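Here's the structure, in structure tokens; my notes come after.
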Amino acid sequence: MEHVLYNGKKYIILYKYTSGFCEIKEVDSLHNIQLVHLSELTNVN
């Protein structure tokens, strides 16, 4: 499971598309899934 930061919040990457976009889900939310470009994300170690 890959964790990233988006708009100051922690998300999990659900799926990466070949176009460079990915589906992300907020860690503490059941329904907050967004489609964003990988360039908008920051990796969390």
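Just so it is clear, none of the values below were taken in a lab; they were calculated from the coordinates. All values derive from a computational prediction rather than experimental measurement. Quick reminder, even Gly has a Cβ in these numbers, built from the backbone with ideal geometry, and neighbours come from all protein chains shown.
Please list, ordered by residue number, the strands (runs of 3 or more DSSP E) wholly in the chain having 1 or more residues that are under 9 Å from the mean Cα position of the chain (by Cα) and without any contact (Cβ under 8 Å) to a residue 12 or more places away in the chain. Don't jump to the end; show me each part of the working.
Values: elements: 3-6, 9-16, 21-26, 33-37.
So the answer is 9-16.
So which residues in the range 11-45 are surrounded by 14 or more Cβ atoms within 10 Å (Cβ to Cβ) and of a type in the set (Lys, Arg)?
The answer is Lys25, and nothing else.
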